[in-house]
Structure formats: C-alpha cells, structure tokens
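What follows is calculated from the coordinates using simple rules that are stated; it is not laboratory data. Treat the numbers as computed from the prediction; the structure is a model and nothing was measured. Here the Cβ positions follow ideal geometry from the backbone for every residue, glycine too, while neighbour counts run over all protein chains shown.
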Amino acid sequence: MALTRCSAQIGSVRLEVRGGYPSDVAVTSQPIRTCVGCRSRSETAGLLRVVAGLASSSSAANPAVQLVVVDPRHRLPGRGAWVHPTAECVALADRRRAFGRALRLSGIIDSRSVNEYVDSISHDAVEVPAAEKH
C-alpha cells in the first residue's frame with residue numbers, strides 16, 4: 001500500500017489521514033470560524049465572539065440604534081459573529097458594515113463596546129521597555 005496523506009474538513013471536525021491506515025487518523029475538534037473583518041478563517045480560540053445586545057439607555061431615545069456587545073465566554077444567546085481581537089479587524093468590520101450584516105441587524109450599529117474591549121486587551125499586553133530588559 002502506498003503511503004498517502006489526505007485531510008478533510010467535515011463540519012467542525014478536521015480529519016487527517018497519514019499512511020492510509022485507520023490508526024493514522026488525527027482529529028482536531030476546534031471549530032473554524034470566519035472573521036467578519038478580514039474574512040480569514042481561524043479557530044475559535046483566536047477569535048472574539050460578538051452578539052447583538054439590548055438597547056442601551058443612550059439608544060432608548062432612538063430605537064434604530066442596535067448595540068453590539070462582546071461575548072468573551074461564547075455563552076450569550078442569539079446570533080453571533082466572529083472577529084479577530086485586533087483594532088485593525090474591528091475597524092475593517094465597522095467600515096464594511098459587517099457586524100450588522102452578520103448579526104442580521106438593521107439601522108445604526110453601535111460597536112463602541114467592541115472597540116473598547118479590544119483597546120483594553122491591547123493595553124493589557126504591554127511590552128517591557130528595552131532599557132529594562134536584561
């Protein structure tokens with residue numbers, strides 16, 4: 001039997017066969033999702049889930065404003081969208097109006113909470129200045 005290598009994606013399970021024998025099957029069960037900003041596919045561990053939230057007090061006067069909130073634990077109910085936790089991908093998703101399209105929202109989309117969350121993540125990952133490195 002000739003040695004072969006084959007891989008397939010079935011739903012959220014990725015199968016890899018090496019050598020053609022059943023014992024050589026490797027399964028990765030991490031779901032793959034598409035970033036609504038850059039449109040690249042990644043595992044869910046590297047993406048941030050956002051969902052449509054309840055109307056805030058500032059948007060109560062204008063019911064056409066839809067709030068987009070961060071779901072870091074991937075547990076909030078409702079339709080979700082996935083984005084890389086970088087300012088570039090969030091800005092690209094805003095510019096492309098991808099949050100409203102992915103979450104099936106109409107009207108004005110308020111994604112300030114997503115921007116603030118991504119900014120707080122980037123500020124938490126502060127580098128040690130070069131003078132302090134030993």
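Can you compute the FRET efficiency between residue 40 and residue 65 using 1/(1 + (r/R0)^6), with r the Cβ-Cβ distance and R0 = 30 Å? Round to the nearest 0.05.
The pair residue 40/residue 65 has a calculated efficiency of 0.55.
For the pair residue 29/residue 97, report the inter-label distance in nm, with labels modelled 7 Å from Cα in the Cβ direction. If labels sit at residue 29 and residue 97, their model points lie 4.1 nm apart.
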